[in-house]
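Quick one: this structure, given as structure tokens, is what I'll be asking you about.
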Amino acid sequence: MLAKRMSWNAGAALRCLCIVLVPFAAPLHAKPVLTLLPIYTQANAINDSGVVVGDDGYGRGFVRTPDGTLTTFKAEDSYSYTTAESINNSGVITGSYLVNSTLVTHGFVRDSDGTITDFDVPGAGNGQYQGTFAQSINAQGVITGYYIDQSGHVHGYLRATNGTVTSFDVPGATDTWAWSMNDKGAITGYWSPDRSYHYQAFVRSAAGKITIFTRKSVHARGFFHCGSITGSSGPSERTNGVNGALIRFSAVRKNV
């Protein structure tokens, strides 16, 4: 079971964080158990062993094991803000860290023994709020995410375990955000054709074929083990009576 954080804004006054854990084979009488983490903590992902990763709100990434042990870490010892975004079943973590002095973001991978390797995608910008953002790691240790180049445009990438990086763009996109990867090597995310924030979702197969969702104003952000995709549909599609509310969708693409 894997889970990813999902957040949305309903107007300017309300911001919600939702973490959903659904045991696929749980008995009908099983009750969900909610564990509250320390204040300011943001949980971003969980693996099948119940190990949770995220950031502690004070510039450090964290790993929380099922027994409640919480270990914090920084990808760089200098003044930086580290966020752990994803963990696979081998305990390997990926995420990003922002260097306060330059405001440039770099990706990192943290092995199960705590060894951290940082990386930058070739072509990533070194200006403020540019750089490399790592979002997801699969069972094979392949990482996907996006980078912002020197001109401010966004591109997707995947990073193999040997460090080889392949960048890609949705055809016709001005910006492409790669957000999640499954164990088959398929990637999902969203893209913009004109920087107008009218996003559309996409799936990129392991062979590199890109399929675009026909619905507009959609963010695809996560894979389930079965291959279904989850994300959100924007207010231009549905508002459910609330201005700015995002409607969740799931299984819009199956067996990817």
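Explain nothing, just compute: Karplus ³J(HN,Hα) = 6.51 cos²θ - 1.76 cosθ + 1.60, θ = phi - 60°, for every residue of the stretch 141-148 in order, whole Hz, x for Gly and Pro.
x, 7, 10, 10, x, 9, 9, 10
Select from the stretch 181-213 those chymotrypsin sites (Phe, Trp or Tyr not before Pro) which occupy a DSSP coil region and have at most 12 other Cβ atoms within 10 Å, ordered by residue number.
Answer in residue order: Tyr197.
Per residue of the stretch 46-63, what does 6.51 cos²θ - 1.76 cosθ + 1.60 with θ = phi - 60° give for ³J(HN,Hα)? Whole Hz please, x for Gly and Pro, Karplus curve as stated.
Once θ is set to phi - 60°, the couplings for the stretch 46-63 become 9, 9, 5, 8, x, 7, 10, 10, x, 10, 8, x, 10, x, 10, x, 9, 10 Hz.
Alpha carbon centre of the stretch 83-143 versus the stretch 159-194: separation in Å?
Taking the Cα centre of each part, the stretch 83-143 and the stretch 159-194 sit 15 Å apart.
If the cut-off is a Cα-Cα distance under 20 Å, which aspartates and glutamates reach Lys184, setting aside same-chain residues fewer than 8 apart in sequence?
Hits, sequence-local ones excluded: Asp48, Glu85, Asp169.
Another question, then. Before anything else, pin down the relative contact order of the stretch 34-93: Cα pairs under 8 Å, at least 6 apart, normalised by residue count, whole percent.
Computed value for the stretch 34-93: 30 percent relative contact order.
Now a separate question. Enumerate the amide H contacts of Ser80 below 5 Å, restricted to partners 5 or more residues apart or on another chain; note that Pro and chain-start residues carry no placed amide H.
Placed amide hydrogens put Asn100 under 5 Å from Ser80.
Using the beta-carbon distance between Ala160 and Ser101 and R0 = 30 Å, what value does 1/(1 + (r/R0)^6) give for FRET efficiency, to the nearest 0.05?
Efficiency for this residue pair is about 0.50.
Amide H to amide H under 5 Å from Gly125: which residues, 5+ apart in sequence or cross-chain, H placed 1.01 Å off N in plane?
Answer set, sorted by chain and number: Gly131, Ile148, Asp149, Gln150.
Test of understanding: extend the Cα→C-beta vector of Asp118 to 7 Å, then name every residue of the stretch 89-112 with backbone N under 14 Å from that spot.
What the label zone holds, given the 14 Å backbone N cut-off, is 95-110.
Let me ask you something else. Each residue of the stretch 121-137 in order: what ³J(HN,Hα) in whole Hz does its phi give by Karplus 6.51 cos²θ - 1.76 cosθ + 1.60, θ = phi - 60°, with x for Gly and Pro?
In residue order, the calculated couplings are 6, x, x, 5, x, 10, x, 4, 6, 9, x, 10, 10, 9, 10, 8, 10 Hz.
Quick note: the coordinates plus some simple rules give every number you see, no bench work behind them. Since the model is a prediction, treat every value here as computed from it, not as a measurement. Glycine gets a Cβ as well: all are built from the backbone with ideal geometry, and neighbour counts include every protein chain shown.
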